[in-house]
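Heads up: the structure comes next, in structure tokens.
The values are calculated or read from the model by the stated rules, or taken from the named source; none is laboratory data. Here the structure is a predicted model, which is why all the values come from computation and not from measurement. Here the Cβ positions follow ideal geometry from the backbone for every residue, glycine too, while neighbour counts run over all protein chains shown. Keep in mind that these areas ignore ligands, DNA and RNA; they rest on the heavy atoms of the full protein, side chains included. Shrake-Rupley method; radii C 1.70, N 1.55, O 1.52, S 1.80 Å.
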Amino acid sequence: MKISNLNKLGQKDLIVFDLDGTLARTKSPMDKEMARILKQLLSVKKVAVIGGGKYEVFQMQLLNELKASKKLLENLFLFPTTATVFYKYQNGWKKVYYHGLTKQQVKHIEDAFNWVFKQIGYKQPEKTYGDIIENRGSQVSWSVYGQDLVTALGSKGVKMKEEWKKKNTPLKMKIAKLVQKRLPGLEVRAAGFTTVDVTKKGIDKGYGINQIQKHLKTPIKKMLFIGDAIVPGGNDYAVVRTGVDYIPIKGPEETKKIIKKIIGT
Ligand SMILES: [Mg+2]
């Protein structure tokens, strides 16, 4: 259920965040203030992060900036690539589970995207950066400008993604829908800004919430989810069906306000 009474947040044991667009600007490291208040939060609550990016992206956006002590990291749980992988900290980050795709599935996914692009006459941007279709092991992701846009162009890349999203979200949804039709045995979702993700069937952020409940033994009613895409068609929307309490936010600045409310500063 959507939460509007922020005074009840103290009753939650576990705060679950989306990463991209929620804790950090898209494909960018989180800022110093976020790192500071997140550490404060980790000293009083458990924290889980579910994102579409792979583990290396979690390192870049979250861990490298956080610089938290071992003790605090034991309260942090990572669910990269849409919870197809789960890491927890025990003297280093340890993989708890991994739902990989087979080579054949990866090939089918790549073929499906290329088939759909041909069908609808989609032309990719003239200049792209890094892989357009990236194999993340347990997830294959198509990204309009390529995976390395923001690494290459910085905030200009972020702007390009935001602009593309504003203009082309219906196109992204259409591509996701058509690719899903070609891949009935797999899960296809429009994600973040300029991306479509494919995983094994039944894996989305709702699955992630259920995995968190199972592995961390925290009941869903003790969790709070915070994300920037809790709208139909958004990649955070799947959490709603689990019954978890949630707060939709528009970006990291709004996330900070909620964290500060929880830690009481
Ligand atoms: Mg997001």
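The single condition among (1) under 21 Å from residue 181 (Cα atoms); (2) in contact with a strand residue (DSSP E or B) (Cβ under 9 Å, 6 or more places away or on another chain) that residue 107 does not meet is (2).
Just one of (1) free of Cβ contacts under 8 Å to residues at least 60 places away in the same chain; (2) not in a loop (DSSP other than H, G, I, E, B) trips up residue 40, so point out which. That leaves (1) as the condition not met.
The residue pairs whose first member lies in region 149-175 and is without any contact (Cβ under 8 Å) to a residue 60 or more places away in the chain, whose second member is assigned to a helix (DSSP H, G or I) and open to solvent by 90 Å² or more (accessible area, probe 1.4 Å), and whose beta carbons are closer than 9 Å, counting only pairs six or more residues apart or on different chains, are 153/159.
For region 3-23, check the following and say yes or no: at least one residue is out of contact with any Asp or Glu (no Cβ under 7 Å at 6 or more places or on another chain), closer than 20 Å to residue 237 by Cα and surrounded by fewer than 17 Cβ atoms within 10 Å (Cβ to Cβ). Looking through region 3-23, at least one residue is out of contact with any Asp or Glu (no Cβ under 7 Å at 6 or more places or on another chain), closer than 20 Å to residue 237 by Cα and surrounded by fewer than 17 Cβ atoms within 10 Å (Cβ to Cβ). Test residue 85 against the criterion of being assigned by TED's automatic domain parsing to the domain that holds residue 177 and touching a helix residue (DSSP H, G or I) at 6+ places or on another chain (Cβ under 7 Å), and give yes or no. When the stated conditions are applied, residue 85 does not pass them. Out of 198, 158, one residue alone is out of contact with any strand residue (DSSP E or B) (no Cβ under 9 Å at 6 or more places or on another chain) and among the β-branched types (Val, Ile, Thr). It is 158.
To keep it simple, each residue is scored yes or no on (1) more than 11 Å from the ligand (Cβ to nearest atom); (2) in a strand (DSSP E or B); (3) under 17 Å from the mean Cα position of the chain (by Cα).
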site	(1), (2), (3)
226	no, yes, yes
230	no, no, yes
233	yes, no, yes
239	yes, no, yes
257	yes, no, no
262	yes, no, no
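Could you list, in sequence order, all residues of region 152-196 that are charged (D, E, K, R) and touching a helix residue (DSSP H, G or I) at 6+ places or on another chain (Cβ under 6 Å)? Passing the criteria: only 182.
Residues that are part of a helix (DSSP H, G or I) and more than 13 Å from the ligand (Cβ to nearest atom) were ranked within region 188-207; the one that is surrounded by the most Cβ atoms within 10 Å (Cβ to Cβ) is 207. Quick one: is residue 147 more than 15 Å from residue 186 (Cα to Cα) and open to solvent by 40 Å² or more (accessible area, probe 1.4 Å)? No, not satisfied. Among the residues of region 42-60, not a single one is among the small types (Gly, Ala, Ser), under 29 Å from residue 185 (Cα atoms) and more than 16 Å from the ligand (Cβ to nearest atom). Here the strands (runs of 3 or more DSSP E) wholly within region 43-116 that include at least 1 residues being closer than 18 Å to residue 200 by Cα and open to solvent by 20 Å² or more (accessible area, probe 1.4 Å) are 93-98.
Residues of region 214-224 include none that is within 16 Å of the ligand (Cβ to nearest atom), closer than 17 Å to residue 86 by Cα and part of a helix (DSSP H, G or I).
Here residue 78 meets the list (1) away from the ligand (no atom under 16 Å from the Cβ); (2) at pLDDT 95 or above almost entirely, failing just condition (1).
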